[in-house]
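To start, the structure itself, in structure tokens.
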Amino acid sequence: MPSSPAARDDRAFAAVDLGASSGRVMVGRLGPGYLDLTEAHRFANEPVRVGATLHWDVLALYAGMLRGLRAAGPVASVGIDSWAVDYGLLDASGALLGNPVHYRDARTDGLADRVADELGRERLYGVTGLQHLPFNTLYQVASAVGTPQYELAHRLLLIPDLLAYWLTGEVGAEVTNASTTQLYDLNRRAWATELMAEAGIRPELLAPLREPGTRIGRGRPEIGLPGGPDVVAVASHDTASAVVAVPASGPDFAYISCGTWSLVGVELNRPVLGEASRRANFTNETGVDGTIRYLRNVMGLWLLQESLRAWGEPDLPELLRRAADRPAFASVIDVDDAVFLPPGDMPARIADACRATGQPVPESPAAVVRCVLDSLALAHRRAVRQAQELSGRHVDAVHVVGGGARNALLCQLTADACGLPVVAGPVEATALGNVLVQARAAGVAGPGLPELRALVRETQDLVRYEPRGDARAWAAAEARLGGEG
């Protein structure tokens with residue numbers, strides 16, 4: 001139950017949370033027995049294609065962030081999180097050298113495999129702990145080497161660090177996001193300068209590392225933010241923030257941070273860097289308090305989002321109701337196939353994948369949605385099982401956080417596929433984790449992750465899904481995709 005108004009702390013914390021399709025500024029207030037989050041402003045994040053290159057419109061994101069922070073009113077501090085891997089280049093005067101390139105751009109096609117082979121895939125994994133993805137920052141920067149922008153560059157800043165620099169004038173690199181770049185030495189907790197040099201990347205481009213909870217600086221007076229708040233480094237990779245707010249009561253849980261991507265994994269005290277882990281394409285990313293997010297990137301709701309775009313944005317709840325009535329496993333696809341990565345006509349690509357594997361082509365939007373959600377639940381099943389096998393961590397429940405927690409059909413299918421209870425929520429896990437790290441830095445919350453998660457568990461709406469149905473049907477569907485069943 002909420003505490004009495006007299007017991008409430010009046011300090012507020014602003015979470016700038018940037019996603020692949022939109023950004024928002026959320027305001028959090030918390031204390032014993034309460035954790036409240038309200039939306040101050042939401043704005044679009046619309047990539048722009050110029051010629052052959054797909055860019056982020058980072059100036060529009062900055063403007064939207066400022067509008068949101070002004071609408072939020074006086075706050076004690078501001079924290080910024082976003083997706084991983086993308087960056088901006090600054091010249092010696094601190095000016096941005098062109099809009100950041102989108103990770104879905106094709107500039108690393110073919111190059112990623114060549115760079116990985118040259119550096120040595122086993123060695124690369126042993127140093128960085130990251131799964132091989134063509135858009136990792138390492139490959140993006142390698143593709144830029146020799147360009148005029150790169151030659152003029154003085155500093156490379158990941159998206160949250162770039163926005164924090166514009167707010168404060170202070171440069172740095174927050175460690176949870178740095179650990180996603182494949183430029184970070186997971187064992188030394190430092191930049192992998194030797195690997196960078198071998199890839200032709202100047203190590204001096206990278207900014208000094210900083211931990212979540214570090215005060216970055218005060219908002220510049222000329223920006224005119226109410227109260228001139230501090231800017232605090234949070235877990236600036238959005239998944240790292242989301243994992244902070246997983247409402248688990250012990251260590252034996254898996255999480256799925258489910259949105260455009262599904263980040264499926266477990267939380268560990270040390271990385272898993274063996275050859276079996278590398279071949280399974282699992283990644284080790286740094287979390288809050290030195291934890292390791294041992295996970296696999298699964299394509300996620302991107303396939304559904306792009307399908308909805310192709311159909312002219314039909315009513316999703318009605319589509320999900322019709323999809324729930326469709327036969328299970330009529331057709332299943334490998335959602336992680338690279339053919340599904342670029343934007344475009346997703347239903348046509350799903351149809352092509354079904355034809356290529358001799359399966360029925362989904363004949364309606366509801367059938368496509370059921371194919372996507374059955375297939376995504378199978379991908380969740382594979383990742384949860386492999387995370388346990390490779391890490392030795394037993395899992396009692398799966399926590400689905402983020403926007404996917406609203407999708408009751410997907411949550412139930414995931415429970416059925418995994419044979420484990422699914423706890424769905426909070427939907428706003430990323431913003432909550434952002435706020436909790438700021439509040440802990442201010443002495444309002446904490447001191448550890450168990451206490452932060454207990455507050456989430458006590459105050460947020462959660463829904464539990466028990467597994468049902470025949471586990472053999474999921475094993476058979478898995479076998480159709482070439483899995484172990």
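The single condition among (1) part of a loop (DSSP other than H, G, I, E, B); (2) open to solvent by 40 Å² or more (accessible area, probe 1.4 Å) that GLU222 does not meet is (1). If the condition is being assigned to a helix (DSSP H, G or I) and within 23 Å of the chain's Cα centre (by Cα), then segment 452-480 contributes LEU452, ARG453, ALA454, LEU455, VAL456, ARG457. Of the strands (runs of 3 or more DSSP E) that lie entirely inside segment 1-106, those containing 3 or more residues that are within 20 Å of VAL171 (Cβ to Cβ) and open to solvent by less than 10 Å² (accessible area, probe 1.4 Å) span 77-81. A single member of VAL272, VAL243 is closer than 22 Å to TRP83 by Cβ and β-branched (Val, Ile, Thr), and it is VAL243. Taken together, the residues in segment 226-255 that are within 22 Å of GLY68 (Cα to Cα), open to solvent by 10 Å² or more (accessible area, probe 1.4 Å) and in contact (Cβ under 8 Å) with a residue 24 or more places away in the chain amount to 6. Six or more apart or on different chains, Cβ under 6 Å: which pairs go from a residue in segment 328-353 that's farther than 24 Å from ALA383 by Cα to one that's part of a helix (DSSP H, G or I) and open to solvent by 50 Å² or more (accessible area, probe 1.4 Å)? Could you list them? Here the result reads ASP345/ALA310; PRO347/ALA310, each pair linking segment 328-353 to a residue that is part of a helix (DSSP H, G or I) and open to solvent by 50 Å² or more (accessible area, probe 1.4 Å). When you scan segment 355-367, do you find a residue that is more than 30 Å from ALA14 (Cα to Cα), open to solvent by 50 Å² or more (accessible area, probe 1.4 Å) and among the acidic types (Asp, Glu), even just one? Yes: one or more hits.
Scanning segment 421-450 for residues that are touching a residue at least 60 places away in the same chain (Cβ under 8 Å) and not in a helix (DSSP H, G or I) turns up VAL423, GLY425, PRO426, GLU428, ALA442, VAL444, ALA445, GLY448. Suppose we keep only residues that are in contact (Cβ under 8 Å) with a residue 40 or more places away in the chain and of a type in the set (Asp, Glu) within segment 173-219. Which one would you say is least open to solvent (accessible area, probe 1.4 Å)? Among them, the one singled out is GLU174. Checked against (1) open to solvent by less than 10 Å² (accessible area, probe 1.4 Å); (2) part of a loop (DSSP other than H, G, I, E, B), GLY404 passes all but condition (2).
The values are calculated or read from the model by the stated rules, or taken from the named source; none is laboratory data. What you see is a predicted model; the values in this text were computed from it and never measured. Glycine gets a Cβ as well: all are built from the backbone with ideal geometry, and neighbour counts include every protein chain shown. Surface areas here come from the heavy atoms of the whole protein model, side chains and all, with no ligands, DNA or RNA. Shrake-Rupley method; radii C 1.70, N 1.55, O 1.52, S 1.80 Å.
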